[in-house]
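Following: one structure in structure tokens, then a few remarks.
The values are calculated or read from the model by the stated rules, or taken from the named source; none is laboratory data. Model, not experiment: these values are computed from the prediction. Every residue, glycine as well, gets a Cβ built from its backbone with ideal geometry; the counts of neighbours run over all protein chains shown. For accessibility, only protein heavy atoms count, side chains too; no ligands or nucleic acids. Shrake-Rupley method; radii C 1.70, N 1.55, O 1.52, S 1.80 Å.
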Amino acid sequence: LAHSWAVSLPLGAGDGPGVWGRGTQAVELVLSLLVLSLCGLVVLGMKSRHVALLLAAAVFAAAVSVTAANVVTLLLHSSDTFPVEDTAGMEGVEADAATIADHQRYFFFQSMSTVGALLLLVVHGPGPLSADEQDGPLEFASEKTVA
């Protein structure tokens with residue numbers, strides 16, 4: 001979810017954007033392993049609906065928080081140019097706020113398409129080959145037929 005077009009402004013002396021300590025790296029490692037294990041559960045079809053809902057909520061929250069922070073920064077500094085960092089072939093290039101805002105909007109909607117796919121998995125289930133539904137698809141109370 002971390003995109004290469006994230007805007008960081010200098011805050012002065014001390015810790016600011018882009019300053020990663022050992023504690024932050026450890027938290028990032030733990031979160032990455034957690035997300036990787038949750039994605040593995042979805043692929044294997046174990047607790048797919050619950051895990052997909054959790055992942056959808058996490059992706060949505062991350063996309064909204066990153067986009068909101070960057071949009072506010074871009075609105076406050078709309079006349080400035082920003083360096084394009086971590087993009088292959090564009091080292092040293094500066095872009096205006098409108099260009100970066102366009103890219104932020106693109107990344108936001110790209111994340112929303114992932115959320116939509118995960119919500120489809122929540123609604124329709126993982127399919128007949130998953131570990132969860134070996135005994136047949138899940139039946140909801142509204143779908144049960146009375147004999």
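Here is a yes/no grid of residues against (1) more than 26 Å from residue 48 (Cβ to Cβ); (2) modelled with pLDDT under 80:
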residue	(1), (2)
91	yes, yes
105	yes, no
111	no, no
122	no, no
Inset, instruction - With the checklist (1) in contact (Cβ under 8 Å) with a residue 12 or more places away in the chain; (2) within 30 Å of residue 117 (Cα to Cα); (3) buried (at least 17 other Cβ atoms within 10 Å of the Cβ) in hand, flag the one item residue 82 doesn't pass. - result: (2)
Legend entry - Qualifying residue in segment 28-46 (condition: part of a helix (DSSP H, G or I), open to solvent by less than 70 Å² (accessible area, probe 1.4 Å) and among the charged types (D, E, K, R)): no
Inset, instruction - Considering only residues that are among the hydrophobic types (A, V, I, L, M, F, W, C) and assigned to a helix (DSSP H, G or I), look in segment 115-131 and name the one that is nearest to residue 62 (Cα to Cα). - result: 115
Legend entry - Qualifying residue in segment 111-123 (condition: within 30 Å of residue 43 (Cα to Cα) and over 18 Å from the mean Cα position of the chain (by Cα)): yes
Inset, instruction - List every residue pair whose Cβ atoms sit under 7 Å apart, with the two residues 6 or more apart in sequence or on different chains, where the first one lies in segment 96-117 and is surrounded by 12 or more Cβ atoms within 10 Å (Cβ to Cβ) and the second, anywhere, is among the hydroxyl-bearing types (Ser, Thr, Tyr) and assigned to a helix (DSSP H, G or I). - result: 104/67; 108/67
Legend entry - Scan of segment 40-66 for residues that are among the charged types (D, E, K, R) and modelled with pLDDT of 90 or more, ordered by number: 49
Inset, instruction - Could you list, in sequence order, all residues of segment 48-74 that are crowded, with 18+ Cβ neighbours inside 10 Å and in contact (Cβ under 8 Å) with a residue 40 or more places away in the chain? - result: 48, 49, 52, 55, 56, 59, 63, 66, 67, 70, 73, 74
